[in-house]
Amino acid sequence: MFKKIRDKVNEATQQGAARGAQDFQQHAEQFRQAAAAQGYDITPQLPTPQLAAQALRGLAADPDMAAFMALPPGEQLSQQQELQAYGTELRRLYDTGEPATLVVRALEPTGRTIAGQAQYTATLEVTRADGSTYRTVTPLITPLATIQQYAPGTRHEARVDPADPAKVGVFGPIA
């Protein structure tokens, strides 16, 4: 009796993995096409089926990612685009912003996840290169597993948009 149940569970798992691989390929292609429509070639950046399988194995440890994977494809794509826009803005700030340091003064969860990553509202005390200091509030998106590095009181490298100092990129922690 146990062997029959085990065999059924194994068969269902294999079928689910096969469906997941097909869904992954479909979503990856939709995402690639959306990026291409915006002038980006992300083909070399797409994860391999092996990496996807590894990620799926880790879903039990990451309920936010499991919830994201359960969303309809259109919502997944929308969230992936939102997360990519956030990353693009961080890259822009890193490349063109003026160096600064900051201290996280408050960190509040918004209750929202974007592509499996938690969104927070961070209150920051920013110190610019000229020594001037000011406070600002900015969104912060990060996996739950790394949020402890942004605990209130932690110091970080930052980049400030010279045209809009409210736009601050939070980067590596400073020991």
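Here are a few things to note about the model shown:
- For the stretch 103-147, the carbon plus sulfur part of the accessible surface works out to 53%, probe radius 1.4 Å.
- Pair-distance profile P(r), taking every C-alpha pair of the stretch 88-158, with 10 angstrom steps and integer %: 19, 50, 28, 3
- Label point 7 Å beyond Cα of Ala166 along Cβ direction - residues of the stretch 133-149 with amide nitrogen under 19 Å: 133-141
- With 0.36 nm allotted per residue and the present C-alpha distance subtracted, the Gln25-Glu125 stretch has 31.7 nm of extension available.
- Summed residue charge, Cβ within 14 Å of Arg155's Cβ, Lys/Arg positive, Asp/Glu negative: -1
The values are calculated or read from the model by the stated rules, or taken from the named source; none is laboratory data. Quick caveat: nothing in here was measured; it's all calculated off a predicted structure. Cβ: placed from backbone, ideal geometry, glycine included. Neighbour counts: every protein chain shown. Heads up: the accessible areas ignore ligands, DNA and RNA and are worked out on the full protein's heavy atoms, side chains in. Shrake-Rupley method; radii C 1.70, N 1.55, O 1.52, S 1.80 Å.
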